[in-house]
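The values are calculated or read from the model by the stated rules, or taken from the named source; none is laboratory data. If you're wondering where the values come from, they're calculated on a predicted model, not measured in any experiment. In case anyone asks, the SASA skips ligands and DNA or RNA and just uses the protein heavy atoms, side chains included. Shrake-Rupley method; radii C 1.70, N 1.55, O 1.52, S 1.80 Å.
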Amino acid sequence: MDCLFCKIAAGEIPSTEIYSDDKVYAFKDIDPQAPFHAIIIPRNHISGADKIDSSNSSDISAVFEAVAKIAADQNLDKGFRVVNNCGEDGGQTVGHIHFHLLARRNLAWPPG
Ligand code: AMP
Ligand code: ZN
């Protein structure tokens, strides 16, 4: 499958690793929107949040377990934001589900 984030998770395209386990890979966003900006993905290909179901939701649980580990490892004690963009209106540009973990600045709400 020609998927950018599958290739990154497989190490076929270089990235800067932040966290890795058997189900999850996290790496630095190439165009950071905050001083700390990680992309967290399940290693299994899921195209988007609209395709989460009982067959793959354990991969999504693993992503959120990784969020807590990364936040602890990186001392994100002032807080952080986790963002998923889904589909065209959601602003999704890569068709492998991913979660942005943004931190180390005050993040506006609501987003634009
Ligand atoms: P989204 O717009 O939610 O689909 O987010 C895709 C994110 O992937 C963007 O923040 C991009 O900067 C990031 N991105 C795209 N290509 C790469 C890459 N090769 N390495 C790291 N991050 C990337
Ligand atoms: Zn993929």
Handout entry: Cross-link reach list, lysines versus K78, counting only Cα pairs under 23 Å and skipping chain neighbours closer than eight places
Key = K28, K69
Completion exercise
Any lysines whose Cα falls less than 17 Å from that of K51, other than same-chain ones fewer than 8 residues away, would be none
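Give me the percent relative contact order of the chain, please, defined on Cα pairs under 8 angstrom at least 6 residues apart.
Numbers: 163 pairs, mean separation 33.9, N = 112.
Relative contact order for the chain comes out at 30 percent.
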Exercise for the section: On a 0 to 90° scale, report how tilted helix 57-73 is relative to the longest principal axis of the chain, with both axes built from alpha carbons and the result rounded to the nearest 10. Expected result: 30 degrees
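Quick one: ranking C3, C86 by accessible area, 1.4 Å probe, largest first, what do you get? Can you show the working numbers first?
Values: C3 10, C86 50 Å².
Putting C3, C86 in descending order of accessible area: C86, C3.
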Handout entry: Cα shape, the chain, gyration tensor, a/c 1.5 rule
Key = rounded
